[in-house]
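All remarks here apply to the structure that follows.
The values are calculated or read from the model by the stated rules, or taken from the named source; none is laboratory data. Remember, predicted model here, so these are calculated numbers, not experimental data. Here Cβ is always computed from backbone atoms with ideal geometry, including for glycine, and neighbour counts include all displayed protein chains. When the accessible area is computed, the model is the full protein with side chains, heavy atoms only, and any ligands, DNA or RNA have been set aside. Shrake-Rupley method; radii C 1.70, N 1.55, O 1.52, S 1.80 Å.
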Amino acid sequence: MAKKEFPSNMNSMWRYSQLLPVKSPSCVISLGEGWTPLLLSRRLGKHIGLRMLRIKDEAQNPTTSFKDRGLCAAVSRHFELGAKAIALPSAGNAAVSASAYAAAAGLQAHIFMPNDTPEPFFHQCELFGAETTRVEGTISDAGKTMRELKGDWTDLSTTKEPYRVDGKKTLGFEISEQMGWSVPDAIICPTGGGTAIIGIWRAFDELEAIGLIGSERPRMYAAQSGGCAPIVRAIEKGTDDIEAWENGETEALGLRVPSPFAGRLILHSIRNSGGGAVAVAEQEIEPTRRTASKLEGLDICPETAVGICGLRNLIESGTIDYDEDVVLINTGSGARYSNFR
Ligand SMILES: Cc1ncc(COP(=O)(O)O)c(C=O)c1O
């Protein structure tokens, strides 16, 4: 496949439809997701000690988070396969995204969220016609409740079906295309269930297979809160699997994933890239969020604040150099986290 075969006038992730799982164009349930800007940071990068920081601004997706990529691909493909209803446990953003795409496809969405999820997430899901269930505990407990019900639906839980990761690959395609079919030195991503880390890493292999890039790869870094850091612990201990984190608590609710289902794939992506995982102090999240929002003019969510703190820790420890070309994934908008203001 030649570069010119990606339609340059298609400003959504479906410019890569040849590399995505939906066969029939009429089954693509698009709300305009993807092809988000790769912003050149004017002030935040310098503030934390970098010459060049780029921010992949996923808050500019239709429902304001990077979850739209995976859920657009998954809802479209399951719609094509004949699904009538979908269900998933979520920390918030994936729920809103799934509800929106299910609405557009005419499918019933069943959403299971921890009951301390900020109210705006529930309101938006309900606005899109989803049936919401509040569950005591974390996303793992929400998943358990959902599975016990054994409803007549397609389970879209993180990494339990293949298409959400397929959608997330487009983040890697875009970063590379927006950099002139090259790759940065490092990518830092706030990580919970790990679909983005897995998807982005896979994207570079696909781009190499079709001759768009060579064997160069970025180092991939996962950032987590010290209040729930099972990936960081597994990387530090050198284990093959991710052991469940007991009583995980963090303000960055999307990162409160005590036991990521695709543990081995996450660890494989990080280790093969030569990157790592970094934990940040919980009390730094809110101040970082405020400082970064002021410096960059973006409404930074707690998860991205974890990514920024993690990046600063990696710079301070000498793991990332001042001169390196770094991409931070701004995974979503902070606007729905109003409970915490
Ligand atoms: C804003 C935000 N960032 C990061 C994450 C973590 O994403 P993943 O579970 O794909 O690692 C989430 C998950 O809910 C999220 O909502």
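Structure data summary
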{"read-out": "Computed lengthening from Glu148 to Ile210, 0.36 nm per intervening residue step minus Cα-Cα distance", "value": "18.0 nm"}
{"read-out": "Long-range HN-HN contacts of Glu324 with modeled amide H, under 5 Å", "value": "Arg51"}
{"read-out": "Projected area averaged over orientations for the chain, convex hull of C-alpha atoms, nm²", "value": "15.6"}
{"read-out": "Fraction in percent of alpha-carbon pairs per bin - 10 Å, region 197-341", "value": "11, 38, 35, 14, 1"}
{"read-out": "From phi via Karplus (6.51, -1.76, 1.60), per-residue ³J(HN,Hα) for region 37-49 in Hz, x at Gly/Pro", "value": "x, 9, 7, 8, 5, 8, 10, 5, x, 5, 4, 9, x"}
{"read-out": "Ratio Rg/Rh [Cα only; Rh per Kirkwood] for region 83-176", "value": "0.98"}
{"read-out": "Region 67-155, accessible surface, carbon-and-sulfur percent (1.4 angstrom probe)", "value": "51"}
{"read-out": "Å² of accessible area per residue within the chain, as computed with a 1.4 Å probe and no ligands counted", "value": "38"}
{"read-out": "Ser8-His123 FRET efficiency (beta carbon distance; Förster radius 41 Å; 0.05 resolution)", "value": "0.65"}
{"read-out": "Protection proxy ranking of 298-304, 115-121, 267-273, 68-74 - average other beta-carbon atoms within 10 Å, highest first", "value": "68-74, 298-304, 267-273, 115-121"}
{"read-out": "Highest-first arrangement of 100-113, 132-145, where packing means the average Cβ count within 10 Å", "value": "100-113, 132-145"}
{"read-out": "Span from the region 71-123 Cα centroid across to the region 259-285 one, whole angstrom", "value": "25"}
{"read-out": "Sequence-distant residues sharing a close amide H with Gly129 (under 5 Å, placed H)", "value": "none"}
{"read-out": "Cα convex hull volume per residue for region 17-121 (Å³)", "value": "128"}
